[in-house]
Amino acid sequence: MHGKSEASPAAVIEQGTGEAERILIGTLGSIPHVCRRMKVKNPALLIIGEVVRVRKQCSG
């Protein structure tokens, strides 16, 4: 109720910068389900906010 909207963009970066890196995209409401379905393992980083929408421009 007082936090971010479930519609906020969210991403999980698993095994960042490694050969096995995976980036999973969803919303704050859907990302827990995406992570369970894709069997995400640590280390993983959760990113929340509009920066998720511009990731392709930032990755150059």
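The values are calculated or read from the model by the stated rules, or taken from the named source; none is laboratory data. Here the structure is a predicted model, which is why all the values come from computation and not from measurement. Ideal geometry is used to build each Cβ from the backbone, glycine not excepted, and the neighbour counts take in all protein chains shown. Just so you know, the surface numbers come from the protein's heavy atoms only, side chains and all, with ligands and any DNA or RNA stripped out. Shrake-Rupley method; radii C 1.70, N 1.55, O 1.52, S 1.80 Å.
Can you pull out the residues in the range 13-39 that are in contact with a helix residue (DSSP H, G or I) (Cβ under 6 Å, 6 or more places away or on another chain) and more than 10 Å from residue 52 (Cβ to Cβ)?
First, pick out the residues of the range 13-39 that are in contact with a helix residue (DSSP H, G or I) (Cβ under 6 Å, 6 or more places away or on another chain): 24, 26.
Within the range 13-39, just 24 meets the criteria.
Conditions tested, residue by residue: (1) open to solvent by 80 Å² or more (accessible area, probe 1.4 Å); (2) not in a loop (DSSP other than H, G, I, E, B).
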| position | (1), (2) |
| --- | --- |
| 4 | yes, no |
| 13 | no, yes |
| 17 | yes, no |
| 23 | no, yes |
| 29 | no, no |
| 36 | yes, yes |
| 40 | no, no |
| 46 | yes, yes |
| 56 | yes, yes |
- Task: Find the residue count for the range 7-33, including only residues that are touching a residue at least 24 places away in the same chain (Cβ under 8 Å) and touching a Ser or Thr at 6+ places or on another chain (Cβ under 8 Å).
- Result: 4
